[in-house]
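J.: Got a structure for you, written out below as C-alpha coordinates; questions coming shortly.
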Amino acid sequence: MTKLMCDSSATLEEFLDRIEQLFEADVVEAAARDTQFVQRRSKLTGHIFLTSFVFGVMMYKTPTLEQLTGLINQVLATHGEHLTRNGLHERLSNNAVEFFTQMLSHVIRIQLPSSQILRALKDFEAVILVDSTSISLPENLATLFAGSGGNASSAGLKIQFGYDLKSCRMFYRVQASTRPDNASENSVVAEVPPGALRLTDLGYFLQEGFVRLHHKGAYFLSRLKRGVTVYRRSADDTLDPVNLPALIKDLTSSGAEWREEEVVLVADKVALPIRLIMESVPPEVLQQRIRRLNRDNKRKGRQTTPAAKLWASVSLYITNAPVRKLAGSACRLLYTVRWQIELVFKLWKSEFALDQVRGQQKERVLCTLYAKLFGAFLTAKLTTWVRNTVWNTARKEVSEYRAAKVLQTFLPRWYRTLFQSPFQGAALLREALAEMATCLKSSQTTRQYPLEMLEELFE
(Lines give C-alpha, C1' and ligand atoms only; values in the text may rest on other atoms or scores of the structure.)
Protein backbone atom coordinates (compact mmCIF):
# COMPACT_ATOMS: atom_id res chain seq x y z
CA MET A 1 0.00 0.00 0.00
CA THR A 2 1.35 3.44 -0.91
CA LYS A 3 2.03 5.54 2.14
CA LEU A 4 0.25 8.83 1.74
CA MET A 5 1.68 10.95 4.50
CA CYS A 6 5.32 11.09 3.49
CA ASP A 7 5.70 14.87 3.84
CA SER A 8 5.54 16.93 7.00
CA SER A 9 2.16 16.36 8.61
CA ALA A 10 1.96 20.11 9.24
CA THR A 11 1.12 20.73 5.61
CA LEU A 12 -1.62 18.11 5.73
CA GLU A 13 -3.03 19.57 8.92
CA GLU A 14 -3.18 23.00 7.29
CA PHE A 15 -4.92 21.56 4.22
CA LEU A 16 -7.47 19.59 6.26
CA ASP A 17 -8.15 22.64 8.40
CA ARG A 18 -9.08 24.61 5.25
CA ILE A 19 -11.36 21.80 4.10
CA GLU A 20 -13.07 21.66 7.48
CA GLN A 21 -13.62 25.43 7.47
CA LEU A 22 -15.91 25.01 4.46
CA PHE A 23 -18.43 23.38 6.81
CA GLU A 24 -17.55 25.22 10.00
CA ALA A 25 -20.75 26.65 11.44
CA ASP A 26 -19.36 30.11 12.24
CA VAL A 27 -17.80 30.53 8.77
CA VAL A 28 -20.92 29.35 6.95
CA GLU A 29 -23.33 31.38 9.08
CA ALA A 30 -21.30 34.53 8.43
CA ALA A 31 -21.73 33.99 4.67
CA ALA A 32 -25.42 33.21 5.14
CA ARG A 33 -25.98 36.50 6.97
CA ASP A 34 -23.82 38.45 4.54
CA THR A 35 -25.96 37.29 1.59
CA GLN A 36 -29.17 37.65 3.66
CA PHE A 37 -30.02 34.00 3.19
CA VAL A 38 -30.44 34.06 6.96
CA GLN A 39 -32.03 37.29 8.20
CA ARG A 40 -33.49 36.09 11.48
CA ARG A 41 -33.31 33.05 13.68
CA SER A 42 -34.51 29.98 11.76
CA LYS A 43 -34.42 26.24 12.25
CA LEU A 44 -32.90 25.96 8.74
CA THR A 45 -29.56 27.62 9.35
CA GLY A 46 -27.10 28.40 6.60
CA HIS A 47 -24.86 25.64 7.96
CA ILE A 48 -27.56 22.97 7.77
CA PHE A 49 -28.78 24.18 4.36
CA LEU A 50 -25.31 24.25 2.74
CA THR A 51 -24.07 20.99 4.22
CA SER A 52 -27.24 19.05 3.46
CA PHE A 53 -27.52 20.40 -0.09
CA VAL A 54 -23.87 19.70 -0.92
CA PHE A 55 -23.85 16.22 0.57
CA GLY A 56 -27.25 15.59 -0.97
CA VAL A 57 -25.95 16.16 -4.49
CA MET A 58 -22.72 14.27 -3.78
CA MET A 59 -24.65 11.22 -2.57
CA TYR A 60 -27.81 11.35 -4.73
CA LYS A 61 -26.49 13.32 -7.77
CA THR A 62 -29.76 15.15 -8.52
CA PRO A 63 -31.73 14.85 -5.29
CA THR A 64 -35.44 15.44 -4.95
CA LEU A 65 -36.69 17.94 -2.40
CA GLU A 66 -37.87 14.95 -0.36
CA GLN A 67 -34.32 13.54 -0.24
CA LEU A 68 -32.91 16.92 0.77
CA THR A 69 -35.49 17.47 3.50
CA GLY A 70 -34.79 13.93 4.69
CA LEU A 71 -31.12 14.79 5.19
CA ILE A 72 -32.00 18.10 6.85
CA ASN A 73 -34.49 16.43 9.20
CA GLN A 74 -31.82 13.96 10.34
CA VAL A 75 -30.13 17.00 11.88
CA LEU A 76 -33.23 18.87 12.99
CA ALA A 77 -34.64 15.81 14.74
CA THR A 78 -31.92 16.07 17.39
CA HIS A 79 -33.44 19.45 18.31
CA GLY A 80 -37.02 18.23 18.12
CA GLU A 81 -37.69 20.18 14.92
CA HIS A 82 -38.90 19.27 11.44
CA LEU A 83 -38.83 20.88 7.98
CA THR A 84 -41.41 20.23 5.29
CA ARG A 85 -40.78 19.94 1.57
CA ASN A 86 -42.60 23.25 1.00
CA GLY A 87 -40.55 24.86 3.72
CA LEU A 88 -37.35 24.00 1.86
CA HIS A 89 -38.83 25.07 -1.47
CA GLU A 90 -39.59 28.52 -0.05
CA ARG A 91 -35.96 28.95 1.03
CA LEU A 92 -34.66 28.42 -2.54
CA SER A 93 -34.43 32.14 -3.28
CA ASN A 94 -32.07 34.56 -4.97
CA ASN A 95 -30.40 34.96 -1.59
CA ALA A 96 -29.80 31.20 -1.49
CA VAL A 97 -28.17 31.40 -4.94
CA GLU A 98 -25.95 34.25 -3.78
CA PHE A 99 -25.09 32.28 -0.63
CA PHE A 100 -23.94 29.30 -2.71
CA THR A 101 -21.94 31.58 -5.00
CA GLN A 102 -20.07 33.04 -2.04
CA MET A 103 -19.37 29.62 -0.55
CA LEU A 104 -18.05 28.43 -3.92
CA SER A 105 -15.44 31.16 -3.71
CA HIS A 106 -14.25 29.62 -0.43
CA VAL A 107 -13.74 26.24 -2.11
CA ILE A 108 -11.82 27.76 -4.99
CA ARG A 109 -9.50 29.69 -2.67
CA ILE A 110 -8.26 26.53 -0.97
CA GLN A 111 -4.63 26.14 -1.98
CA LEU A 112 -2.40 23.13 -1.77
CA PRO A 113 0.77 23.76 0.27
CA SER A 114 3.82 24.39 -1.91
CA SER A 115 5.25 21.00 -0.95
CA GLN A 116 2.22 19.33 -2.57
CA ILE A 117 2.39 21.07 -5.94
CA LEU A 118 2.98 18.58 -8.73
CA ARG A 119 6.69 18.20 -9.41
CA ALA A 120 6.41 18.20 -13.15
CA LEU A 121 6.79 20.87 -15.83
CA LYS A 122 9.09 22.82 -13.52
CA ASP A 123 9.88 25.40 -16.18
CA PHE A 124 6.33 26.76 -15.95
CA GLU A 125 4.83 28.45 -12.89
CA ALA A 126 1.53 26.77 -13.70
CA VAL A 127 -0.07 24.78 -16.51
CA ILE A 128 -3.56 26.21 -16.99
CA LEU A 129 -6.07 24.02 -18.83
CA VAL A 130 -9.24 25.78 -20.03
CA ASP A 131 -12.38 24.30 -21.59
CA SER A 132 -16.15 24.50 -21.34
CA THR A 133 -19.09 22.18 -20.91
CA SER A 134 -22.73 22.94 -21.75
CA ILE A 135 -25.94 22.01 -19.94
CA SER A 136 -29.51 22.13 -21.27
CA LEU A 137 -32.03 23.87 -19.03
CA PRO A 138 -35.83 23.99 -18.86
CA GLU A 139 -37.31 26.17 -21.61
CA ASN A 140 -38.67 28.73 -19.14
CA LEU A 141 -35.10 29.77 -18.26
CA ALA A 142 -34.30 30.95 -21.81
CA THR A 143 -34.43 34.62 -20.78
CA LEU A 144 -31.76 33.93 -18.16
CA PHE A 145 -29.53 31.58 -20.17
CA ALA A 146 -30.13 31.47 -23.91
CA GLY A 147 -29.72 28.08 -25.60
CA SER A 148 -28.94 27.26 -29.20
CA GLY A 149 -32.50 26.18 -30.03
CA GLY A 150 -33.20 23.90 -33.00
CA ASN A 151 -33.09 20.31 -31.79
CA ALA A 152 -31.59 21.52 -28.54
CA SER A 153 -33.32 23.41 -25.75
CA SER A 154 -33.85 27.13 -26.16
CA ALA A 155 -32.32 27.49 -22.69
CA GLY A 156 -28.87 26.35 -21.69
CA LEU A 157 -25.77 27.42 -19.87
CA LYS A 158 -22.09 26.95 -20.40
CA ILE A 159 -19.53 26.54 -17.65
CA GLN A 160 -16.13 27.95 -18.53
CA PHE A 161 -13.65 26.12 -16.34
CA GLY A 162 -9.94 26.38 -15.88
CA TYR A 163 -7.52 24.80 -13.49
CA ASP A 164 -3.82 24.49 -12.90
CA LEU A 165 -2.67 20.92 -13.53
CA LYS A 166 0.07 21.37 -10.94
CA SER A 167 -1.72 22.93 -7.97
CA CYS A 168 -5.47 22.53 -8.73
CA ARG A 169 -5.97 26.29 -8.48
CA MET A 170 -9.27 26.71 -10.33
CA PHE A 171 -11.69 29.29 -11.67
CA TYR A 172 -15.04 29.18 -13.42
CA ARG A 173 -17.62 31.34 -15.16
CA VAL A 174 -21.27 30.55 -15.87
CA GLN A 175 -22.62 32.04 -19.10
CA ALA A 176 -25.29 31.49 -21.74
CA SER A 177 -24.53 28.46 -23.91
CA THR A 178 -24.65 30.69 -27.00
CA ARG A 179 -21.56 32.60 -25.84
CA PRO A 180 -18.59 31.47 -27.99
CA ASP A 181 -15.51 30.00 -26.35
CA ASN A 182 -13.28 32.48 -28.16
CA ALA A 183 -15.06 35.48 -26.67
CA SER A 184 -12.49 37.91 -25.29
CA GLU A 185 -13.30 37.26 -21.62
CA ASN A 186 -12.72 33.53 -22.11
CA SER A 187 -9.04 34.12 -22.87
CA VAL A 188 -8.81 34.22 -19.03
CA VAL A 189 -5.67 36.36 -19.20
CA ALA A 190 -6.30 37.60 -15.66
CA GLU A 191 -6.23 34.01 -14.39
CA VAL A 192 -2.91 33.07 -16.03
CA PRO A 193 0.04 34.30 -13.94
CA PRO A 194 3.34 35.38 -15.48
CA GLY A 195 5.49 32.35 -16.26
CA ALA A 196 2.46 30.06 -16.62
CA LEU A 197 1.47 28.11 -19.73
CA ARG A 198 -2.13 28.11 -21.00
CA LEU A 199 -3.39 25.12 -23.01
CA THR A 200 -6.63 25.47 -24.99
CA ASP A 201 -8.26 23.85 -28.01
CA LEU A 202 -9.09 25.52 -31.32
CA GLY A 203 -12.42 26.77 -30.00
CA TYR A 204 -10.50 29.34 -27.91
CA PHE A 205 -8.32 30.56 -30.76
CA LEU A 206 -8.19 34.36 -30.43
CA GLN A 207 -5.17 36.24 -31.71
CA GLU A 208 -5.78 39.21 -29.41
CA GLY A 209 -5.80 36.83 -26.44
CA PHE A 210 -2.40 35.44 -27.41
CA VAL A 211 -0.99 38.96 -27.55
CA ARG A 212 -2.36 39.83 -24.11
CA LEU A 213 -0.89 36.67 -22.61
CA HIS A 214 2.49 37.41 -24.16
CA HIS A 215 2.52 40.99 -22.85
CA LYS A 216 1.77 39.64 -19.39
CA GLY A 217 4.78 37.35 -19.49
CA ALA A 218 2.70 34.17 -19.80
CA TYR A 219 2.90 31.44 -22.42
CA PHE A 220 0.41 29.66 -24.63
CA LEU A 221 0.29 26.47 -26.68
CA SER A 222 -2.47 26.11 -29.26
CA ARG A 223 -3.26 24.48 -32.56
CA LEU A 224 -3.13 26.90 -35.50
CA LYS A 225 -6.57 27.62 -36.88
CA ARG A 226 -7.02 26.99 -40.56
CA GLY A 227 -7.36 30.22 -42.55
CA VAL A 228 -5.26 32.29 -40.14
CA THR A 229 -2.32 33.96 -41.86
CA VAL A 230 1.10 33.91 -40.27
CA TYR A 231 4.00 35.98 -41.54
CA ARG A 232 7.74 35.89 -41.90
CA ARG A 233 9.78 39.03 -41.31
CA SER A 234 11.96 39.87 -44.30
CA ALA A 235 15.37 41.53 -44.37
CA ASP A 236 13.82 44.96 -44.87
CA ASP A 237 11.59 44.42 -41.81
CA THR A 238 8.37 43.94 -43.77
CA LEU A 239 5.98 41.08 -43.05
CA ASP A 240 5.39 38.60 -45.86
CA PRO A 241 2.59 35.98 -45.66
CA VAL A 242 3.86 32.44 -45.17
CA ASN A 243 2.82 29.94 -47.83
CA LEU A 244 1.59 27.27 -45.43
CA PRO A 245 0.48 24.77 -48.12
CA ALA A 246 4.00 24.84 -49.57
CA LEU A 247 5.54 24.28 -46.13
CA ILE A 248 3.17 21.39 -45.45
CA LYS A 249 3.93 19.75 -48.80
CA ASP A 250 7.64 20.16 -48.20
CA LEU A 251 7.38 18.54 -44.77
CA THR A 252 5.26 15.57 -45.87
CA SER A 253 7.38 14.90 -48.95
CA SER A 254 10.61 15.01 -46.98
CA GLY A 255 9.58 12.16 -44.70
CA ALA A 256 10.49 14.24 -41.63
CA GLU A 257 8.34 13.85 -38.53
CA TRP A 258 8.31 17.52 -37.61
CA ARG A 259 9.74 20.91 -38.40
CA GLU A 260 9.80 24.28 -36.70
CA GLU A 261 9.59 27.78 -38.18
CA GLU A 262 9.90 31.24 -36.62
CA VAL A 263 6.88 33.23 -37.76
CA VAL A 264 4.82 36.26 -36.76
CA LEU A 265 1.17 36.43 -35.72
CA VAL A 266 -0.54 39.79 -36.17
CA ALA A 267 -3.34 41.04 -33.89
CA ASP A 268 -4.41 44.49 -32.72
CA LYS A 269 -1.66 45.97 -34.91
CA VAL A 270 0.88 44.00 -32.88
CA ALA A 271 3.35 41.69 -34.61
CA LEU A 272 3.87 38.82 -32.18
CA PRO A 273 6.90 36.55 -32.82
CA ILE A 274 5.90 32.92 -32.29
CA ARG A 275 7.11 29.43 -33.09
CA LEU A 276 5.20 27.32 -35.59
CA ILE A 277 5.66 23.60 -35.07
CA MET A 278 4.51 21.36 -37.93
CA GLU A 279 4.19 17.63 -37.30
CA SER A 280 3.27 14.93 -39.83
CA VAL A 281 0.51 12.62 -38.71
CA PRO A 282 0.68 8.82 -39.14
CA PRO A 283 -1.21 7.37 -42.16
CA GLU A 284 -3.91 5.84 -39.96
CA VAL A 285 -4.55 9.22 -38.30
CA LEU A 286 -4.71 10.93 -41.68
CA GLN A 287 -7.26 8.42 -42.96
CA GLN A 288 -9.29 8.90 -39.81
CA ARG A 289 -9.29 12.67 -40.29
CA ILE A 290 -10.28 12.39 -43.96
CA ARG A 291 -13.15 10.05 -43.12
CA ARG A 292 -14.40 12.57 -40.59
CA LEU A 293 -14.07 15.39 -43.13
CA ASN A 294 -15.93 13.37 -45.76
CA ARG A 295 -18.71 12.58 -43.32
CA ASP A 296 -19.10 16.21 -42.21
CA ASN A 297 -18.97 17.56 -45.76
CA LYS A 298 -21.48 15.00 -47.03
CA ARG A 299 -23.91 16.12 -44.36
CA LYS A 300 -23.47 19.70 -45.58
CA GLY A 301 -23.71 18.76 -49.27
CA ARG A 302 -20.09 19.60 -50.04
CA GLN A 303 -16.98 17.86 -51.38
CA THR A 304 -13.78 17.53 -49.39
CA THR A 305 -11.20 19.72 -51.13
CA PRO A 306 -7.54 18.80 -51.77
CA ALA A 307 -6.56 21.76 -49.58
CA ALA A 308 -8.53 20.32 -46.66
CA LYS A 309 -6.88 16.92 -47.13
CA LEU A 310 -3.45 18.57 -47.19
CA TRP A 311 -4.21 20.44 -43.96
CA ALA A 312 -5.34 17.15 -42.37
CA SER A 313 -1.94 15.58 -43.10
CA VAL A 314 -0.24 17.62 -40.37
CA SER A 315 -0.79 19.04 -36.91
CA LEU A 316 0.24 22.67 -36.60
CA TYR A 317 1.00 24.19 -33.20
CA ILE A 318 1.90 27.72 -32.20
CA THR A 319 3.56 28.87 -29.00
CA ASN A 320 5.47 31.82 -27.60
CA ALA A 321 7.35 29.62 -25.13
CA PRO A 322 11.10 29.57 -25.81
CA VAL A 323 12.79 26.35 -26.89
CA ARG A 324 14.57 26.05 -23.53
CA LYS A 325 11.16 25.67 -21.87
CA LEU A 326 9.31 23.74 -24.56
CA ALA A 327 11.08 21.76 -27.26
CA GLY A 328 9.30 21.55 -30.60
CA SER A 329 9.37 17.76 -30.45
CA ALA A 330 7.41 17.87 -27.16
CA CYS A 331 4.54 20.10 -28.30
CA ARG A 332 2.22 17.37 -29.51
CA LEU A 333 2.57 15.26 -26.39
CA LEU A 334 2.19 18.24 -24.11
CA TYR A 335 -0.89 19.35 -26.03
CA THR A 336 -2.52 15.97 -25.35
CA VAL A 337 -2.42 16.82 -21.63
CA ARG A 338 -5.30 19.17 -22.43
CA TRP A 339 -7.52 16.09 -22.45
CA GLN A 340 -7.17 15.92 -18.68
CA ILE A 341 -9.87 18.59 -18.46
CA GLU A 342 -12.18 16.38 -20.53
CA LEU A 343 -11.73 13.72 -17.86
CA VAL A 344 -12.73 16.31 -15.27
CA PHE A 345 -15.96 16.99 -17.17
CA LYS A 346 -16.57 13.25 -17.52
CA LEU A 347 -16.28 12.90 -13.74
CA TRP A 348 -18.62 15.85 -13.21
CA LYS A 349 -21.28 14.31 -15.40
CA SER A 350 -20.95 10.72 -14.24
CA GLU A 351 -20.53 11.29 -10.49
CA PHE A 352 -22.32 14.61 -9.99
CA ALA A 353 -24.82 14.46 -12.89
CA LEU A 354 -23.88 18.03 -13.69
CA ASP A 355 -25.71 17.84 -17.01
CA GLN A 356 -28.98 16.86 -15.33
CA VAL A 357 -31.31 19.36 -13.68
CA ARG A 358 -34.52 18.90 -11.75
CA GLY A 359 -37.33 21.40 -11.39
CA GLN A 360 -38.49 24.47 -13.29
CA GLN A 361 -37.77 27.16 -10.73
CA LYS A 362 -34.73 29.27 -11.63
CA GLU A 363 -33.48 29.47 -8.05
CA ARG A 364 -33.77 25.73 -7.47
CA VAL A 365 -31.91 24.96 -10.70
CA LEU A 366 -29.09 27.36 -9.82
CA CYS A 367 -28.85 26.19 -6.19
CA THR A 368 -28.57 22.60 -7.40
CA LEU A 369 -25.99 23.54 -10.02
CA TYR A 370 -23.82 25.46 -7.55
CA ALA A 371 -24.12 22.70 -4.95
CA LYS A 372 -22.88 20.25 -7.58
CA LEU A 373 -19.98 22.53 -8.46
CA PHE A 374 -19.18 22.85 -4.75
CA GLY A 375 -19.02 19.07 -4.45
CA ALA A 376 -17.05 18.71 -7.68
CA PHE A 377 -14.49 21.37 -6.71
CA LEU A 378 -14.14 19.91 -3.21
CA THR A 379 -13.59 16.44 -4.65
CA ALA A 380 -11.00 17.84 -7.07
CA LYS A 381 -9.04 19.44 -4.22
CA LEU A 382 -8.94 16.15 -2.29
CA THR A 383 -8.11 13.93 -5.27
CA THR A 384 -5.40 16.35 -6.42
CA TRP A 385 -3.81 16.26 -2.98
CA VAL A 386 -3.70 12.47 -3.21
CA ARG A 387 -2.46 12.42 -6.82
CA ASN A 388 0.33 14.92 -6.17
CA THR A 389 1.43 13.36 -2.90
CA VAL A 390 1.66 9.87 -4.34
CA TRP A 391 3.44 11.06 -7.49
CA ASN A 392 5.89 13.33 -5.66
CA THR A 393 6.85 10.67 -3.13
CA ALA A 394 6.43 7.35 -4.96
CA ARG A 395 6.33 8.22 -8.69
CA LYS A 396 3.08 6.30 -9.07
CA GLU A 397 -0.10 7.63 -10.66
CA VAL A 398 -3.44 7.63 -8.86
CA SER A 399 -6.69 7.20 -10.77
CA GLU A 400 -8.57 10.33 -9.75
CA TYR A 401 -11.81 8.77 -11.00
CA ARG A 402 -11.43 5.75 -8.70
CA ALA A 403 -10.25 7.96 -5.85
CA ALA A 404 -13.43 10.03 -6.19
CA LYS A 405 -15.45 6.80 -6.02
CA VAL A 406 -13.69 5.90 -2.76
CA LEU A 407 -14.43 9.34 -1.34
CA GLN A 408 -18.13 8.75 -1.99
CA THR A 409 -18.11 5.79 0.39
CA PHE A 410 -17.08 8.13 3.21
CA LEU A 411 -19.82 10.72 2.56
CA PRO A 412 -22.55 9.37 4.91
CA ARG A 413 -20.06 9.15 7.79
CA TRP A 414 -18.62 12.56 6.97
CA TYR A 415 -22.09 14.13 6.90
CA ARG A 416 -22.98 12.70 10.34
CA THR A 417 -19.59 13.72 11.75
CA LEU A 418 -20.04 17.36 10.74
CA PHE A 419 -23.05 17.65 13.03
CA GLN A 420 -22.44 15.03 15.73
CA SER A 421 -18.69 15.26 16.36
CA PRO A 422 -17.02 17.82 14.06
CA PHE A 423 -13.74 17.54 15.99
CA GLN A 424 -13.36 14.06 14.47
CA GLY A 425 -13.61 15.38 10.91
CA ALA A 426 -9.85 15.61 10.33
CA ALA A 427 -9.32 11.99 11.39
CA LEU A 428 -12.06 10.83 9.02
CA LEU A 429 -10.55 12.80 6.14
CA ARG A 430 -7.12 11.33 6.87
CA GLU A 431 -8.66 7.88 6.64
CA ALA A 432 -10.37 8.77 3.37
CA LEU A 433 -7.20 10.22 1.82
CA ALA A 434 -5.18 7.17 2.79
CA GLU A 435 -7.75 4.88 1.17
CA MET A 436 -7.89 7.07 -1.93
CA ALA A 437 -4.11 6.80 -2.23
CA THR A 438 -4.43 3.07 -2.90
CA CYS A 439 -6.26 3.72 -6.20
CA LEU A 440 -3.15 3.32 -8.32
CA LYS A 441 -3.22 2.97 -12.07
CA SER A 442 -1.95 -0.41 -13.19
CA SER A 443 1.38 -0.48 -14.99
CA GLN A 444 1.12 -0.96 -18.75
CA THR A 445 4.01 -1.62 -21.10
CA THR A 446 2.03 -0.43 -24.15
CA ARG A 447 0.86 2.88 -22.74
CA GLN A 448 2.25 5.85 -20.87
CA TYR A 449 0.14 7.73 -18.37
CA PRO A 450 0.21 11.55 -18.40
CA LEU A 451 2.58 12.13 -15.49
CA GLU A 452 5.00 9.47 -16.70
CA MET A 453 5.01 11.10 -20.11
CA LEU A 454 5.57 14.58 -18.70
CA GLU A 455 8.43 13.45 -16.54
CA GLU A 456 10.12 11.77 -19.48
CA LEU A 457 9.74 14.88 -21.64
CA PHE A 458 10.56 17.64 -19.19
CA GLU A 459 12.55 16.32 -16.25
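J.: Quick one: which residues, 5+ away or cross-chain, put their amide H under 5 Å from the amide H of Leu440? H built at 1.01 Å from N.
T.: Ser399
J.: Quick one: length gained pulling Ala77 to Gln360 fully straight, 0.36 nm per residue minus the C-alpha distance?
T.: Full-extension gain reported as 98.9 nm.
J.: Tell me the label-point distance for the pair Asp250, Ala190, using the 7 Å Cα-to-Cβ offset, in nm and rounded to one decimal.
T.: Using points 7 Å along Cα→Cβ, the separation is 4.3 nm.
J.: Simple spin-label model, 7 Å along Cα-to-Cβ: Asp17 to Ser93 in nm?
T.: According to this spin-label approximation, the distance is 3.6 nm.
J.: Another question, then. If the cut-off is a Cα-Cα distance under 28 Å, which lysines reach Lys298, setting aside same-chain residues fewer than 8 apart in sequence?
T.: Lys225, Lys249, Lys309
J.: Go ahead and estimate [θ] at 222 nm for the chain from helices alone: -39,500 (n - 2.57) per DSSP H run with n ≥ 4, summed, over the residue count, rounded to 500.
T.: -14500 deg cm²/dmol
J.: Go ahead and run the numbers for FRET between Thr101 and Ala327, Cβ-Cβ distance against an R0 of 45 Å, rounding to 0.05.
T.: 0.60
J.: With a probe of 1.4 Å, find how much accessible area the chain has per residue, and write the answer as a whole number in Å².
T.: Heavy-atom accessible area per residue stands at 45 Å².
J.: Another one. Taking only the alpha carbons of segment 91-161, what extent do you get along each of the three principal axes, in Å, biggest first?
T.: Ordered largest first, segment 91-161 gives principal extents of 48, 34, 12 Å.
J.: Using a 1.4 Å probe on the protein chains only, how many percent of the accessible area of the chain belongs to carbon and sulfur?
T.: Of the solvent-accessible surface of the chain, carbon and sulfur hold 49 percent.
J.: What is the ratio of the Cα radius of gyration of segment 248-363 to 2.2 N^0.38 Å, with N the residue count, to two decimals?
T.: So segment 248-363 has a normalised radius of gyration of 1.47.
J.: Any chance you could list the semi-axes, whole Å, largest first, of the equivalent ellipsoid that the Cα gyration tensor gives for segment 37-110, using √(5λ)?
T.: They are 20, 15, 12 Å, listed largest first.
J.: Another question, if that's okay. Give the span of the chain's Cα atoms along each principal axis, as three whole-Å numbers ordered largest to smallest.
T.: 82, 53, 40
J.: Among the lysines, which have Cα under 25 Å from the Cα of Lys122 when same-chain residues fewer than 8 positions away are ignored?
T.: Lys3, Lys166, Lys216, Lys325, Lys381, Lys396, Lys441
J.: Students often forget the sequence filter, so: which aspartates and glutamates lie under 13 Å Cα-Cα from Lys269 once same-chain residues fewer than 8 apart are removed?
T.: Straight-distance partners of Lys269: Glu208.
The values are calculated or read from the model by the stated rules, or taken from the named source; none is laboratory data. Computed from a predicted structure; not experimentally measured. Note: ideal-geometry Cβ built from the backbone for every residue, glycine included; neighbour counts use all protein chains shown. Just so you know, the surface numbers come from the protein's heavy atoms only, side chains and all, with ligands and any DNA or RNA stripped out. Shrake-Rupley method; radii C 1.70, N 1.55, O 1.52, S 1.80 Å.
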